[in-house]
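These notes concern the structure reproduced below.
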């Protein structure tokens with residue numbers, strides 16, 4: 001009796017520093033993972049060759065799990081935006097060098113399989129909703145502080161894209177139009193205060209002034225890129241002023257979440273990203289406190305604040321779920337899912 005052919009999905013997370021894939025079966029059991037740096041050496045460092053790196057990462061995942069082209073049902077991709085989730089075109093991502101790049105079409109052509117693309121934080125929120133910390137919710141706000149601060153919104157379990165396709169940019173809630181310059185070009189955005197880089201800048205000042213002994217030991221003399229893990233270790237070691245700064249900025253994230261709670265009334269706020277993964281209790285405490293103290297009481301009592309359970313898998317798992325749903329939708333509508341382009 002012939003062995004039944006496996007049917008697999010691949011979820012891909014395209015980040016500024018790493019590419020991450022998960023391979024799952026039709027029941028979303030993880031069969032394997034593969035990761036690599038976003039930028040390689042030499043020619044691979046050029047922006048135009050990032051697609052080659054993406055292809056290499058998907059190929060690596062297939063080889064790692066020993067699946068052939070006929071076993072691959074589809075590929076889901078989480079990418080920095082802005083992007084068009086209907087066509088899978090990356091509109092503009094300065095950090096990785098794509099502009100009006102037809103990622104879905106190019107990947108679909110290369111692997112002869114359907115491809116679905118969405119914003120990485122949307123899919124991180126979606127992954128947590130289906131498989132992680134936000135399970136059981138229906139209306140979910142995802143906030144992922146790291147180098148930037150990304151947001152995702154689920155309404156009745158579905159990703160909310162808004163008129164532009166790019167809803168959820170909580171990192172660009174404006175606190176002060178005359179505040180510090182943000183990477184988006186505006187001033188006073190949440191990201192300009194509570195992203196990892198501005199926090200690291202404040203902490204570097206503490207080190208220089210001799211007010212953060214443990215952080216100085218963790219980070220050494222190079223303060224240009226203080227990492228989340230180093231910040232967490234310094235707080236655990238007793239650097240009180242480091243903790244004060246991080247808590248203040250975590251509370252600011254909470255205030256931004258308050259505005260979303262008052263407008264959309266989510267039942268779950270899920271926190272992810274590098275800063276939260278390094279200090280989950282601190283972030284959950286400060287965001288929970290901000291919502292309890294500042295949101296409308298009747299709305300606040302419906303909200304649960306949780307930290308990510310999936311970690312690095314969140315975006316990739318959300319991407320795998322997205323492409324599975326697209327396949328099911330096409331099948332229901334009588335479309336041929338093999339080699340289909342996502343419109």
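All of the numbers you see were taken from the coordinates with simple rules; none came from a lab. The structure presented is a predicted model; accordingly, all values stated were derived computationally and were not measured. Note: ideal-geometry Cβ built from the backbone for every residue, glycine included; neighbour counts use all protein chains shown.
Odds and ends about this structure:
- A full extension of the chain between residue 59 and residue 26 corresponds to an added length of 9.9 nm, given 0.36 nm per residue minus the alpha carbon distance.
- For the chain, the 222 nm mean residue ellipticity estimated from helices alone, with every DSSP H stretch of n ≥ 4 adding -39500 (n - 2.57) and the total spread over all residues, rounds to -12500 deg cm²/dmol.
- For the chain, DSSP calls about 60 percent of its internal beta bridges antiparallel.
- Packing around the peptides 27-38, 318-329, taken as the average count of other Cβ atoms within 10 Å per residue, puts them in this order, highest first: 318-329, 27-38.
- Spin-label pair residue 100/residue 294, simplified geometry with 7 Å Cα→Cβ offset, distance in nm: 4.0
- Full extension of the segment from residue 259 to residue 213, taken as 0.36 nm per residue of separation minus the current Cα-Cα distance, would add 12.9 nm.
- Max mean-square fluctuation residue, GNM over the chain, Cα-Cα springs under 10 Å, options 53, 209, 252: 209
- Highest-first arrangement of 256-266, 94-104, where packing means the average Cβ count within 10 Å: 256-266, 94-104
- When the chain is treated as a GNM with alpha-carbon contacts under 10 Å, the residue of 313, 13, 92 showing the greatest mean-square fluctuation is 92.
- Gained length - residue 181 relative to residue 227, 0.36 nm times residue gap less alpha-carbon distance: 14.4 nm
- Rounded, prolate or oblate (a/c below 1.5 giving rounded, otherwise prolate when a/b exceeds b/c) for the range 133-308 by Cα gyration tensor: prolate
- 17, 93 arranged by Cβ crowding within 10 Å, fewest neighbours leading: 17, 93
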